[in-house]
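The values are calculated or read from the model by the stated rules, or taken from the named source; none is laboratory data. Computed from a predicted model, the values in this text were never measured in an experiment. Don't worry about glycine lacking a Cβ; one is built from the backbone with ideal geometry, like all the others, and counts go over all protein chains shown.
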Amino acid sequence: MAETQTKKSKKDKAGTKSSNAGKEESLEGFSKEELHSFLREMLLYRRFEEKAEEAYAIGKIGGFCHLHIGQEAVALGFIGPLREDDYVFTSYRDHTQGLAKGLKSGPVMAELYGREGGVSGGKGGSMHIFGAELGFMGGHGIVGGQIPLAAGVGWAIRYRGEDRVCLCYLGDAAVNQGAFHEALNMSAVWKLPVIYVVENNEYGMGTHFERVSALPVVDRALGTGVPAHSVDGQDLIATWKLMDELVGKVRSGEGPQYVDARTYRFKGHSMSDPVHGVYRTKDEVEEKKKSDDPIIVLRDRLFDADLLTEEELNAMDADVMEEVDEAAEFAENSPFPAEEELYTHTYAEINEHGRLFFDRRDR
Amino acid sequence: MATITYREALNQALQEEMERDESVFLMGEEVAEYDGAYKVTKGLLDEFGDRRVVDSPISELGFAGLGVGAAMVGLRPVIEFMTFNFAFLALDQVINSAAKMYYMSGGQIPVPMVFRGPTGAALQLAAQHSHACDTYYAHAPGLKLVRPATPADAKGLLKASIRDEDPVVFMEGEMLYNLKGEVPDPEDGDFVIPLGVADLKREGDDVSIITHGSTVHLALQAAKKLEKDGIEADVLDLRSLRPLDVDAILETVRKTNRAVYLEEGWPYVGIGSQIVATIQEEAFDHLDAPVLRVCQADVPMPYAKNLEQKAKPSVDLLIDACNRVLYRS
Amino acid sequence: MATKVHMEALSPTMEEGQVVKWLKSEGDKVASGDVLAEIETDKATMELVARGEGILQKILLEEGGTAAVGALIGVIGEDGEDLSDFVAEEEEDDAPSAEAESAETEASAEPAPDEDAEESAEEREAPRAERDGRVKASPLARRLAEEEGLDLSSIEGSGPGGRVVKRDVEKAVDEGVTPAPSPTTAPDSEEDYVDVSLSQMRKTIAKRLVESIGPIPHFFLTVDVDMSRTVQARARINKQLEKDGFKVSFNDIVLKATAMALRKHPECNAHWLGDAVRQFNRVHLAVAVAIEDGLITPVVRDADRKGLVEISTEVRELAGRAREKKLKPEEYSGGTFSVSNLGMFGVEDFTAVINPPEAGILAVGALEERAVVKDGEVVVEPRMKITMSCDHRVIDGALGAQFLQTLTGILEEPLAALI
């Protein structure tokens, strides 16, 4: 468990803490305050997903539930540099990106619980977190399905002459979909303001990327003319910095960008899939957790730079845990959607004439 | 009233709606410089420029999805498929994205857009290019489906479809583009036909021929022949399949007590299947005979002329079906 | 190869039959034509014969058991043949075979003249009411019939498989409806009757009368007959027959007289067919006979051409077998007119219910001495009341009255009949 790892590491470092006091209060251009908020944010994602895991285990959450544990820096590092009026699309592994774009943890958890207070009123569930007002354009359930949609939002931005940016996450496996190549091609042709970020966690469900692609992820955009970049997605600061630079380019009209963000998933593909097994070894996962946990990476850099004390970290974690508990409580206390809601939101316009539903009398 | 072609009527609708609403844009293969594969978009590039009339790459999935994305943030795209035969690749975006977005976002994100293009058989285009695709789209809640059969309907319904707040699949008849008919002049005001209103194209008391799209004309031909035989047929053109004018269907069935559904598509789980189900559910006690269907032969469309002829629904097959529901054969 | 033993339709209207007795047991050798069992139909006890030969391997319906027409009730097979699969398989497709059976039965009946002559034989022959009493009808026809208060089973279906459709109900409404005419035997030949098509007036009369009372618009005519001469005539006849040990009854004389009168009034010797009236040139008198658990009407064929003794002998013989339920279907069907006599029970007069499709029936009361006023004086005479029930669609009041006048004349002056 990441939790155990984190606590152990904290103890290891505890002795060296106090001696570093008085050093410069920033790191790579980020203030201590900013850095603390980054760490807190990623801790929130981690604790949120752990809570979801727990709730799933006791049947509070059903269906498919894909956790983001291990990939927190990719969520924060790419969404953090965006403006509030920018757009974000992602796949079905979407809880923490939603939080990163500003959704409150309570309504996101309630959506997982399938409750009225969920962000989509309980109609979308884990895979379909939406926050239209915050520009969070959704979790999409079909691999690669969100890529042309993001291009479309990019199209609308350009059409309206706005300087907004659209960020589109996709998994590494999605680069093998036709939708990916079609959308990147159109984005390049029309210079759409879209940044495509591959959350390259190496595995499409249980298949390693190298087994299904002759080229590495970063090279897969080559044929489209979209400039490609690669980054260590477990390093929040590197990720943030790259994204900051790309957002500037896109906003100034340079057209789309493509990023291979190398990351790693510490959990199974979904809650119904094993963490390790035939497709990857337990050792591999444990090694990654030890050496490549984005939260530990940031924490240690802050410890090393004397920008964080154990007490601060503990307080931060306790704060986050409280928020997550409150989110679960919010979800728990939210009623199930009213049965009348079954038919609502199928159509935005109920036409004056004719029938749209063919079974309503039966329900 | 001016007599114009179906193609011109569609063109007028697009032109008027683009002029009326800045958020409407047109995208598809060959729609701009080439004036459209079927010349429906003729002259629009010149009038509105390449920002709003856009030639797409041959990427049906991609540009259909792009349209959905643009609609998600409030534009009103009109996505043209050169024909719906090519739109199978885009079905994922039409069904999984366009049709379901509003629902799975809990009502946060409507998708006001139109997917349009021709469907159905033309002449000797063989299996992959001769395919009535209605049923795939009619099946999915969240989508609306419109099928105009005349120039006036084409114009009035396309304008209504563009203004609708939901994704509308607007299917034109590949063989209808040259069809002429009277359409109200643009100067006479905004001509919009609301969705969900069927049109009785011919009145008779003896049998109801219910149909949609290109086969409306086949139904009218058959009705004329039946008339010589003393049989007066109601020909009901549904015009939109979702929303569906169930009242009009029930009304004609209650009047004649017998109905035949005519469509270009295949019989199995075709549009007619739904219509028959609706009739038997809601007008059972008015039926004097089982409702019959006349459809395309249950095979892929053959190329050979004689086989193609045989595969398509025909006046003779329709008359035969009418006679059967009238217990005349 | 095994042969199935089905419950066969042993009467024209039989829908199910009861095994009274198996005359063969499992294991018995049977030859084609052997009587396997006695079956009680709705009318009589009939013999069920073997349709194949071999061993009666299985009896699937015990004595006293009832099965629908067409149901498998036994199997005849080779010695040692394993029939379990055969039986199972048969049970599965039992229903369709049952339908086929009843369709055949129906087909042998005389169908009403059919305007839709172009309909296929298959369609025409299909049963109107299926074995379970279900009538095939379009939903609309069902609703219309309900609204009109019509019994669907009384309407001939012209749709596929005999389906009753809208036009059939409308026709029935236009013409007035009768419970399903069930003419039961084939006509002897075409010269035996004349079909008189219905005039518009006749149709209207029919319709209005049906609306007025029930499916058959009955009306009743009663005559009080002076039987003095008949009493004398019977006495003389019986004296002559004394040496043969034979006696004719008053009822025999009434039958003979009725047959003679019908001969003169073919309008009354008729069937209502729904779309036509069939007037018979031959007189087949149906005579109501009370039997243990009901009533049966054996038919004296060509009663008008038979002598009194012949009629008397035949009636006695038929009635006897009727009581034993041994009548063959052709012996109790095909009547053109009926006579019911309750005189022997002391009933003075009564009304009888018409047996469709016949158009009339006589209800004969007791012959008794009664005081009547004759030429201003009270005299005592043997009198008998006869009430005729008429189907008004066929017989109007005057017609019935004329017929009764003829009948009364014969009974009051038997010699006149010789003229």
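Listed values, structure above:
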| quantity | calculated |
| --- | --- |
| A:Ala331 within 14 Å of chain B (Cβ to nearest Cβ), touching a residue at least 40 places away in the same chain (Cβ under 8 Å) and of a type in the set (A, V, I, L, M, F, W, C) | no |
| Count of region B:10-35 residues which are closer than 20 Å to B:Tyr177 by Cα and part of a loop (DSSP other than H, G, I, E, B) | 7 |
| Among (1) at the interface with chain A (Cβ under 10 Å from one of its Cβ atoms); (2) within 18 Å of the chain's Cα centre (by Cα) - the single one B:Asp92 does not satisfy | (2) |
| Selection count, region B:215-255, where residues are away from every other protein chain (no Cβ under 12 Å), buried (at least 24 other Cβ atoms within 10 Å of the Cβ) and not in a helix (DSSP H, G or I) | 5 |
| Which numbered condition A:Ala110 fails, given (1) over 13 Å from the mean Cα position of the chain (by Cα); (2) at the interface with chain B (Cβ under 7 Å from one of its Cβ atoms) | (2) |
| Any chance A:Arg355 is in contact with a Pro (Cβ under 8 Å, 6 or more places away or on another chain), basic (Lys, Arg) and surrounded by 14 or more Cβ atoms within 10 Å (Cβ to Cβ) | yes |
| Within region B:167-201, considering residues that are assigned to a strand (DSSP E or B) and either within 14 Å of chain A (Cβ to nearest Cβ) or surrounded by fewer than 18 Cβ atoms within 10 Å (Cβ to Cβ) (or both), the one nearest to the chain's Cα centre (by Cα) | B:Val169 |
| Filtered residue count, region A:279-322, keeping only those that are buried (at least 17 other Cβ atoms within 10 Å of the Cβ) and acidic (Asp, Glu) | 4 |
| Any hit, region A:309-321, residues being within 14 Å of chain B (Cβ to nearest Cβ), hydrophobic (A, V, I, L, M, F, W, C) and not in a loop (DSSP other than H, G, I, E, B) | no |
| Options A:His276, A:His345: the member that is at pLDDT below 95 and surrounded by 13 or more Cβ atoms within 10 Å (Cβ to Cβ) | A:His276 |
| Flag for A:Val175 being part of a strand (DSSP E or B), more than 14 Å from chain B (Cβ to nearest Cβ) and under 24 Å from A:Val275 (Cα atoms) | no |
| Residues that are touching a helix residue (DSSP H, G or I) at 6+ places or on another chain (Cβ under 7 Å) and either more than 23 Å from A:Glu326 (Cα to Cα) or of a type in the set (Gly, Ala, Ser) (or both), drawn from region A:47-69 | A:Ala52, A:Ala55 |
| Test: A:Glu286 is acidic (Asp, Glu), out of contact with any helix residue (DSSP H, G or I) (no Cβ under 7 Å at 6 or more places or on another chain) and in contact (Cβ under 8 Å) with a residue 40 or more places away in the chain | no |
| Selection status of A:Val197, under 22 Å from A:Arg158 (Cβ atoms) and in contact (Cβ under 8 Å) with a residue 60 or more places away in the chain | yes |
| All positions within region B:253-265 that are under 21 Å from A:Arg355 (Cα atoms) and either touching a helix residue (DSSP H, G or I) at 6+ places or on another chain (Cβ under 6 Å) or not assigned by TED's automatic domain parsing to the domain that holds B:Leu318 (or both) | B:Val253, B:Arg254, B:Ala259, B:Val260, B:Tyr261, B:Leu262, B:Glu263 |
| Test result for A:Val119, at the interface with another protein chain (Cβ under 9 Å from one of its Cβ atoms), more than 12 Å from the chain's Cα centre (by Cα), of a type in the set (A, V, I, L, M) and surrounded by 24 or more Cβ atoms within 10 Å (Cβ to Cβ) | yes |
| Sole exception among (1) within 22 Å of A:Gly354 (Cα to Cα); (2) crowded, with 24+ Cβ neighbours inside 10 Å; (3) touching a residue at least 24 places away in the same chain (Cβ under 8 Å) for B:His286, by number | (2) |
| Lone qualifier among B:Tyr303, B:Tyr268 - being part of a loop (DSSP other than H, G, I, E, B), aromatic (Phe, Trp, Tyr), without any contact (Cβ under 8 Å) to a residue 40 or more places away in the chain and not assigned by TED's automatic domain parsing to the domain that holds B:Tyr137 | B:Tyr268 |
| First in region B:175-189 and acidic (Asp, Glu), second anywhere and in a helix (DSSP H, G or I), Cβ under 9 Å, 6 or more apart | B:Glu182/B:Pro151; B:Glu182/B:Ala152 |
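To keep it simple, each residue is scored yes or no on (1) in contact with a helix residue (DSSP H, G or I) (Cβ under 7 Å, 6 or more places away or on another chain); (2) assigned to a loop (DSSP other than H, G, I, E, B); (3) without any contact (Cβ under 8 Å) to a residue 12 or more places away in the chain.
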{"site": "C:Ser312", "(1), (2), (3)": "yes, no, no"}
{"site": "C:Arg316", "(1), (2), (3)": "no, no, yes"}
{"site": "C:Lys326", "(1), (2), (3)": "no, yes, no"}
{"site": "C:Ser333", "(1), (2), (3)": "no, yes, no"}
{"site": "C:Val347", "(1), (2), (3)": "no, yes, no"}
{"site": "C:Phe350", "(1), (2), (3)": "no, yes, no"}
{"site": "C:Pro356", "(1), (2), (3)": "no, yes, no"}
{"site": "C:Ile361", "(1), (2), (3)": "no, no, no"}
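Yes/no matrix, rows are residues, columns are (1) surrounded by fewer than 23 Cβ atoms within 10 Å (Cβ to Cβ); (2) aromatic (Phe, Trp, Tyr); (3) under 29 Å from C:Arg383 (Cα atoms):
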| position | (1), (2), (3) |
| --- | --- |
| C:Asp226 | yes, no, yes |
| C:Phe250 | yes, yes, yes |
| C:Ala276 | yes, no, no |
| C:Val283 | no, no, yes |
| C:Lys326 | yes, no, no |
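Conditions tested, residue by residue: (1) over 23 Å from the mean Cα position of the chain (by Cα); (2) at the interface with chain A (Cβ under 10 Å from one of its Cβ atoms).
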residue: B:Leu45; (1), (2): yes, no
residue: B:Ile58; (1), (2): yes, yes
residue: B:Leu61; (1), (2): no, yes
residue: B:Ala64; (1), (2): no, yes
residue: B:Gly67; (1), (2): no, yes
residue: B:Ala71; (1), (2): no, yes
residue: B:Arg76; (1), (2): no, no
residue: B:Glu80; (1), (2): no, no
residue: B:Asn85; (1), (2): no, no
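Results for (1) within 14 Å of chain B (Cβ to nearest Cβ); (2) assigned to a helix (DSSP H, G or I); (3) crowded, with 24+ Cβ neighbours inside 10 Å, shown as yes or no for each residue.
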residue: A:Leu35; (1), (2), (3): no, yes, no
residue: A:Arg40; (1), (2), (3): no, yes, no
residue: A:Leu44; (1), (2), (3): no, yes, yes
residue: A:Arg47; (1), (2), (3): no, yes, no
residue: A:Lys51; (1), (2), (3): no, yes, no
residue: A:Leu82; (1), (2), (3): no, no, no
residue: A:Ser126; (1), (2), (3): yes, no, yes
residue: A:Glu133; (1), (2), (3): yes, yes, no
residue: A:Val143; (1), (2), (3): yes, no, no
